[in-house]
Each structure stands twice: as C-alpha cells, then as structure tokens.
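The structure appears right after this line, and notes come after that.
The values are calculated or read from the model by the stated rules, or taken from the named source; none is laboratory data. The structure displayed is predicted, hence computed values, not measured ones. Every residue, glycine as well, gets a Cβ built from its backbone with ideal geometry; the counts of neighbours run over all protein chains shown.
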Amino acid sequence: MLLSVRRMKWLVLLTLLIWAAVSLAQKPQEAPPVIVMRMEGVIAPPNADYFSRTLRIARERGAQLLVVELDTPGGLMDSMEQIVKDILASDVPVAVYVSPAGAKAGSAGAFITIAAHVAAMAPGTSIGAATPVASSGEDMPRAMERKVVNYAASYIRSLAEQRGRNAEWAELAVREGAAISEKTALEKRVVDLVVSSLPELLAKVDGRTIKMPKGNVVLKTRNAPVERSEMVLRERLLQVLVNPNVLAILGVLALYGLIAEIQNPGAIFPGVVGAISLLLMLYGFSVLPVSWAGIALLVLAVILFVADAFAPSHGLLTLGGAISMLLGLLMLFESPDPALRVSWVVAATLTGLTSVFFVAIVAAGIRAQRARRVTGMESMRGAVAVARTDIAPRGKIFYDGTYWNAVTAGDSIKAGERVIIERMEGLTAIVRKEERTS
C-alpha cells in the first residue's frame, strides 16, 4: 500500500513536469524589440551622436531592427560619413524611413538612406540633390570642386552597389543634383518600399532576410514591441544651435547685449547675455558652412550703425547699415536648400529691429546736439539765491556754495531774504526780491 502511494506521487509529479514543459514549448516567445528614432533638421554632430547612442542602445537591448524616421535637407559630410560608417559596421539591421508626407532625404540624407539595410519612403516624400557644397558655403575652385564631386559620386555609388540599389541614379544625384519622388524612387530601385506608416513598414519587412557582417538575419517585426529613443537635452540644445535662423537671432542678441553693457558699465546682465549669445553663435558657425562675404557684410553693417550713432548723418549711414545687414544675413549660410539659409522673414525682421534701435540712438544724439547748452554764469539767470547782507543797493548773496557781489534792481533787500538772479554783469549779480505767494 505504501509503495503504491509513492508511485502515485511520482506519477503526479512526472505529469506536472510534462505539462509544464509542453506549456512552455507552446507559449510564444516575445520577439526582440524594434528601436525607433527620429532624425530631422540639418545633419550635424548632434544628429551623428544621437544615432551612435541609439545604435548602442539597440545593441544592448538585443533589438532586431533600428528604424530611423528621416526628414533632412542635408548637412555636413563629416557627420553623414560618421552615420554611414556606423550603419555599415552595425550588427543591428538599420531601416531608414523618409517620413512623414512632405519630408525629404536631401543631400546627406540621400547617402544615409541608400546606405541603410532597408530603405523606405512615405507617400509625398522626395530624395536626392546630393551635390556637395564647399564648407565655406561659397563656390569652390573648379579643381577642388571636381575632386570633391568625384569623391562623393564614388562614395554614394559604392553604397548603392553594396545594397543592390540603383548606382547610376545615385551618382546622378551627386553629379547633377537629381531629385525624385517616392514613386520614381521605388520604380528606379533607389528604395525598397513605399509605406504609409511605421506599422505598415514593420509588417512589410516581416520575414525579410538581411545580410549582415556576421551572417544573415531574418526579421520578425510584425508583432514586435516598438521602443522609441529620443534625443537627450544636450543633443536637443546643440541641434537647435545648428539652425541658421537661431544663429542669426543669437548674433543680434549678442550685438544688443554688448552695446548695452558698453553704454551702461557694470549693468552685468546685458553683457552676460551678449557674451553667452556670442559663444553659442560661434559654436554654430563652427558646424555650419559659413560665407566670409556674409560675415564681412555684417561687420560692415555694425560699423555703419555705430558710426551714425557717433557722427549722425541724418540716417544715411543707418540706411547703408540696414542694407548691408540684410544682405549679410541672407548670404551668411549659402546653400542650394532654403532650410540651410537664414529665411527672408527672419532677416528682414532682425534688420528692421536693429535699424529702429540705432535710429533711436541717432535721434537722441541729434536732439542732444540741438539742445541749448547753458553753462557757467549764464546758467545762474533765473536762479534763486539768499542775501547774506543787506542789499541797498549793493551787498552779498550766497549761491551754489559761493558768495557773489549783488546789486538790487528794485527795492532794498534785507539779509536772509531770498532773491532771484535776473542777470550777471561781469561777476556782479543783478537781483530782485523773490515775490511771496499767499
């Protein structure tokens, strides 16, 4: 009987173990996550750092795919190359999705899209115009231009061939600045997919085999959990500082702050604001392509504004400064894409405000010049003094810490009474008794 009970216990335990094993085998395992990040604006060091950090997070989380939602007019070649190198060396597949509608993968964005393991675009988007621009924003010498264009063309062609995409069109995007819509890009095999949303993208790439450096990877993204990676505060701040409009505003703030500090020494706050704005502006200048011609025009504008404040020319110098400032702002960041230049609205607004500011200073200077200057004994006319002796008709008065000879112009005046100085004759004051009002 005891043996039978033991057998029953072992049988129940064995049954439970078998049931648990079968349940675990049948339970669907959760697919590795998909990490999603959004890259927009000028491709610059902050975006490159953001991508590297997110790629590291994807690797640590064991993600099966990193999706980059892209919308950029272009950017710096150094930053673009850093992102492309990270993609090529990555052991996590990278999908670039140009979205939302109206977005573009211009210039540097075209290189990044073509380098991705999966390239997709949303309806109403575009890709291309990848001709390089000199880091100064100005036209390059023909020999240098030919070298840069040839390098960029060979680089993007190599990326397209490596991903099995249209290498001929990719080269045209560099040499001729070609740009196409998402439909044409799909027809010409520039991208792999045209999808309306992120869920549709994940559904379309589900089951796709991706060739990676360490072997093929099969994506299982249809029901995979999605995790988003956002820019940290430092990256957001630096990304704002590579906006041409923001840099133009910072430059004007620096000008106002430093002028206010010079006019009011010791105020501290305007000087601090001006110095911080200047340093932030210089950081942006170190990242974006800056035109020396634009900088020269802005310096000339400041000189003309200041010159008119010290030597008023009835507004002619201020007008010249306004014209120089407007042209300088518009030429400060030269690029084929308006997103990489100071907008007309911002340039005109800043020029107008600065002109009004300096016109007010000039007007104040003109009023000061035209105002009648009264100094010395002439300023004593109409002043009130005190008789120190009887004045009948001569005596002494006390005014502004000094004793003066005085002659009464009317009735005699007793010591201690208040008098009005009518005029000065040499060093003698002609006075009359101050009339009392009841």
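Scanning segment 95-114 for residues that are over 22 Å from Gly164 (Cα atoms) and either in a strand (DSSP E or B) or aliphatic (A, V, I, L, M) (or both) returns Ala101, Ala103.
Taking the criterion of being at pLDDT 90 or above and within 60 Å of the chain's Cα centre (by Cα), no residue of segment 377-401 qualifies. Given the structure, is Val191 of a type in the set (Val, Ile, Thr), surrounded by 14 or more Cβ atoms within 10 Å (Cβ to Cβ) and closer than 30 Å to Gly62 by Cβ? In short, yes.
State whether one or more residues within segment 181-189 are under 31 Å from the mean Cα position of the chain (by Cα) and assigned by TED's automatic domain parsing to the domain that holds Met77. Yes. Regarding Gly106, is this residue surrounded by fewer than 22 Cβ atoms within 10 Å (Cβ to Cβ) and not charged (D, E, K, R)? Criteria not met by Gly106.
Rundown of residues vs (1) at pLDDT 75 or above; (2) of a type in the set (Gly, Ala, Ser), yes/no style:
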| position | (1), (2) |
| --- | --- |
| Met121 | yes, no |
| Ile127 | yes, no |
| Pro132 | no, no |
| Ser135 | no, yes |
| Glu138 | no, no |
| Glu161 | yes, no |
| Glu168 | yes, no |
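Among the residues of segment 215-226, is any in contact (Cβ under 8 Å) with a residue 40 or more places away in the chain, of a type in the set (A, V, I, L, M, F, W, C) and surrounded by fewer than 18 Cβ atoms within 10 Å (Cβ to Cβ)? Yes, there is a match, as at least one residue in segment 215-226 is in contact (Cβ under 8 Å) with a residue 40 or more places away in the chain, of a type in the set (A, V, I, L, M, F, W, C) and surrounded by fewer than 18 Cβ atoms within 10 Å (Cβ to Cβ).
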